[in-house]
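So the structure is just underneath, and the comments pick up after that.
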Amino acid sequence: MVQSLDRSQGRAGGVSAGAIGDHGTFTGNRALQIEEPLIFEMGQPGRCGVDLPEPAKVKDRLNGLRRTGEIGLPGLSEPQVVQHYTRLSQKNYAIDMGVYPLGSCTMKHNPRINEKVARLPGIGDLHPLQPVSTVQGALELIDRLAHWLKSLTGMPAVAMSPAAGAHGEMCGMMAISAALEARGERAQRKVVLAPESAHGTNPATAAALGFTVKPIPANDRGRVDLTALKAALGPDVAAIMLTNPNTCGLFESDIVEISKAVHAAGAFFYCDGANFNAIVGRVRPGDLGIDCMHINLHKTFSTPHGGGGPGAGPVVLSAALAPYAPYPWIVKDGDKWRVAEDGAKVEGAPLGRLKAFHGQMGMFTRALAYIMSHGADGLKQVAEDAVLSANYVMAALKDTMSPAFEGPCMHEALFDDSFLKDTGVSTLDFAKAMIDEGYHPMTMYFPLVVHGAMLIEPTESVAKEDLDQFIGTLRSLTTKAKTGTAAEAFKAAPLYAPRRRLDETLAARKPILRWRSSNNPPETDPVKQAAE
Ligand SMILES: *Cc1c(COP(=O)(O)O)cnc(C)c1O
């Protein structure tokens, strides 16, 4: 619910009756959960946490454009600022606080050695415009990571610069588009096939590049329907975009046959590698016949994400697509490293740049630290433990929740909502009740092919006793839901969160993107407007 909170009297003045945060306390706070106003609603004009000297008098060259009014910065002391941001940070659930079972996102622990390495002098204070002679080690680091990514995937080339998974998809599909163009077939091959269970970014990428997206149905085993796929292949198909393991948490067991059929039809095989965590060190996608695949460093290789950490989505490429890789890449001339970014000096037909500078250096450093601290054997164990954890969750819950598909899963356990049938409790209610139990909900309503989907990805980094408590919580909620008399209690959840249920539709349709003070209110009241 978008509501306005009357803060005109200040926090200690009490929050108006009925407003969010009205817990019957004088302050509006609930135990040590503190109601936090916006920073612009705090403080006193003129107060300042620092003692700055008067600016030197200089000749005004702004030609009458000098600001005359107040800049409007909140007047706060240092402790007020520190407390404000600390309190906000404590409202933000994080992987460092507990189980984060968000399927498809691979919210795994980010080892502290990564952070230590990323802050080393010479890495933490690098600037991308430094002379190349002063960043030889950094360029070697990028090259080493590239080497690992090529080895782990069994692919001959990698474009390092894409900034996230979706950006990597864009890069790979642009390379495919360029390769088709070079064959004189781009105009004819307009269709990209994507399974119905695909992550939304796959069809979005294809559509953004001007392809027509054709969905391929899944069979009753949650895999791509091979017959339907073969029937859809033809001289108009540019590529298939397939995730493996797929977003139902299942290995596409026909993948080699899919790859052969796609290539026989003259199309390319784009593999979405966001779920690489489930197979890293065990399967090389190159051996399965893929042409390109993005790797979400921020998932498989642990660099922090969610809550604002940057991503990194390098794309491995086959020999056929490598000539179209974007700038820049790292080359070694004799014993000197350099950045290839000049068309006159490279072979092939590079796409140009997708991004400023060289890629996400901080993420490269963390990913390489993760890879090197695990080694090849450790990475294999990552995949094995991730799959074991998910199957443990699946096995422990399958008698009381309803698995979407039969048989073992890969790194994610997928349930549908049939176990909630006739209870009056929906997937959303169930997820909200988890919040009261101290758990971030799993991924809900995705993949779309499964009704009321609940996708749980525990990852390899949760201890068994923590998994057991998580499982115990879900069993207890399931039992409560199935009594058939708990629907109201579920609909009221979460009771203990700083905010209850938000009207997400209203927030998306009528976002309030500009803060206004109480003496400068918005022209229209969005709540009233929505009601109209
Ligand atoms: C996370 C994910 C993506 C997108 O990656 P971003 O880094 O969020 O852009 C694409 N496909 C799948 C299957 C994913 O899980």
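Restricting segment 221-280 to trypsin sites (Lys or Arg not before Pro) that sit in a DSSP loop and have at most 15 other Cβ atoms within 10 Å of their own Cβ leaves 221.
Rolling a 1.4 Å probe over the protein heavy atoms of the chain, with every protein chain left in place, gives an accessible area that is 56 percent carbon and sulfur.
Sorting 505, 365 on solvent-accessible area from highest to lowest, probe radius 1.4 Å, gives 505, 365. Measure up 299/355; 214/491; 150/355; 299/432; 214/260 against 28 Å on the Cα-Cα distance and list the ones that go over. In this structure, 214/491 lie more than 28 Å apart at Cα.
Taking 0.36 nm per residue of separation and subtracting the current Cα-Cα distance, fully stretching the chain between residue 479 and residue 220 would add 90.4 nm.
Once both labels are positioned 7 Å from their Cα atoms along Cα-to-Cβ, the gap between residue 204 and residue 503 label points is 2.5 nm. Comparing Cα centroids, segment 311-387 and segment 398-454 end up 37 angstrom apart.
Within the chain, what percent of beta bridges assigned by DSSP are antiparallel, to the nearest 5? The partial results should precede the final answer.
On the way: 22 of 39 bridges.
That works out to approximately 55 percent antiparallel.
Taking the Cα centre of the chain as origin and assigning +1 to Lys and Arg Cβ atoms and -1 to Asp and Glu Cβ atoms, the resulting dipole is close to 1100 debye. Assuming a ≥ b ≥ c are the square roots of the Cα gyration tensor eigenvalues, decide whether the chain counts as rounded (a/c under 1.5), prolate (otherwise, with a/b larger than b/c) or oblate. Note, shape of the chain comes out oblate. For segment 212-246 versus segment 25-72, the inter-centroid distance based on Cα atoms is 56 Å. Would you mind counting up the charge near residue 276? Only other residues with Cβ under 15 Å from its Cβ, with Lys and Arg at +1 and Asp and Glu at -1. Summing Lys/Arg as +1 and Asp/Glu as -1 gives -3.
Exposed loop chymotrypsin sites (Phe, Trp or Tyr not before Pro) only (DSSP loop, at most 13 other Cβ atoms within 10 Å): please give the longest stretch of the chain free of them, not including the sites.
Details: sites that count: 26, 496, 515.
Longest run free of exposed loop sites: 27-495.
For the chain, the solvent-accessible area of protein heavy atoms averages 50 Å² per residue (probe radius 1.4 Å; ligands and nucleic acids excluded).
The values are calculated or read from the model by the stated rules, or taken from the named source; none is laboratory data. The structure presented is a predicted model; accordingly, all values stated were derived computationally and were not measured. All Cβ positions, even for glycine, are placed from backbone atoms using ideal geometry, and neighbour counts span all protein chains on display. Ligands, DNA and RNA are excluded from the accessible area calculation, which covers all protein heavy atoms including side chains. Shrake-Rupley method; radii C 1.70, N 1.55, O 1.52, S 1.80 Å.
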